[in-house]
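What follows is a single structure, written as structure tokens, with notes after it.
Each value in this text was obtained by applying a stated rule to the coordinates, not by laboratory testing. Since the model is a prediction, treat every value here as computed from it, not as a measurement. A quick note on method: Cβ atoms are made from the backbone with ideal geometry, for glycine too, and the neighbour counts reach across all protein chains shown.
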Amino acid sequence: MKQARARRGRRRHNPLRRTTDRIESWLTAVTVLLIALGAPAAGAAAGGAAYDGLLETVRSQRAQRHLVWATVDRLASRAPLDPDPETATQRDARLRVVARWTAWDGSPHTGQVGAPRLVEPGSRFRIWTDDRGRVMPRPMDTSTAGAHAVLAGLGVAAAVGGLVEGCRRLAVRRMTARRYRRWDEAWERADQDWGKAGAGS
């Protein structure tokens, strides 16, 4: 115990240990602490906020979108799912059909929709629509919201960790540049005194 204290005392009062060395050591310790504790805390807070917002989106979409039955009238001859005709495949064109459905408010609708499988006229499948019968994507579920929130939290944690480490490196670089300038100044002063009488005494 006494030997450890003695070693710490010698390091603390070591004349070769510069002030910048002590600052750099403290800076490293603070950086490690911020990365170990601050980055996860920021990520958790961001992930929680993102999850709350996404859950609100899930509730809103579930309230505004409804599953209704669509009946196939005919296969669409054109209008593939991909708007770019050069990249649209023949399979996309086969899955595009003209169908009719009744909206949640009771109004009838007819239009082109994407079928989940190969269908024939008279086949039925379910589609998502809003209250007025417009075709909508499937609403987000809670598992997807949770996955997006986790990714958001990890991204924020990584960004905070990178920012803290970047600040530490910038500070160390500036201290090193200042140290080199002082060395250059000291060498210039030593070079001016070199060879003068009494310079080595």
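Rounded to the nearest 0.05, what FRET efficiency do T71 and D131 give with R0 = 22 Å and r taken as the Cβ-Cβ distance? Could you check?
Details: r = 20 Å, r/R0 = 0.92.
About 0.60, to the nearest 0.05.
Paramagnetic label reach from S123 (point 7 Å along Cα→Cβ; backbone nitrogen cut-off under 16 Å): within segment 36-73, residues 69-73.
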